[in-house]
Amino acid sequence: MHSSSLNRETAGDMKSAIVKRSVELNGHKTSVSLEDEFWNGLRQIAETQKTPLPDLLKSIDAERGLANLSSAIRVFVLAHYRERAAAHAAARELDSKFFSPGDGTLRRETN
């Protein structure tokens, strides 16, 4: 299979419908268009932080500067999961220094 056709097929499989939702921020209704994966990620973040979704959206809105709200939400969700992945990788690296792979026994220091 030719690489360009593979890329197109792979990209086609990754399409996600954009869902438009109406939200109220600071007393004003606005529409936000995001892929379902970002809406789901945003809801998961709100649950994890024990923060109501409208409050999380207000916080993102307050910090977004000149970016449009949909873009600011995507960047927020991406940054959150990148931080989690980095923390997970750091924890695994730390574990590998102290525990033997496979059996999980504590390693002894050798000098």
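See the values below:
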read-out	value
Residue 94 at pLDDT 90 or above and surrounded by 10 or more Cβ atoms within 10 Å (Cβ to Cβ)	no
Test result for residue 50, exposed (fewer than 10 other Cβ atoms within 10 Å of the Cβ), at pLDDT below 95 and either charged (D, E, K, R) or in contact with a strand residue (DSSP E or B) (Cβ under 8 Å, 6 or more places away or on another chain) (or both)	no
Scope region 39-92; condition on the phi < 0 side of the Ramachandran plot and outside any helix (DSSP H, G or I); matching residues	49, 51, 52, 64, 66, 67, 68
Condition met for residue 23 (of a type in the set (Val, Ile, Thr) and modelled with pLDDT under 95)	yes
Count of residues meeting criterion [of a type outside the set (Asp, Glu) and not in a strand (DSSP E or B)] in region 25-38	3
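The values are calculated or read from the model by the stated rules, or taken from the named source; none is laboratory data. Keep in mind the model is a prediction, meaning the values are calculated, not measured. Cβ: placed from backbone, ideal geometry, glycine included. Neighbour counts: every protein chain shown.
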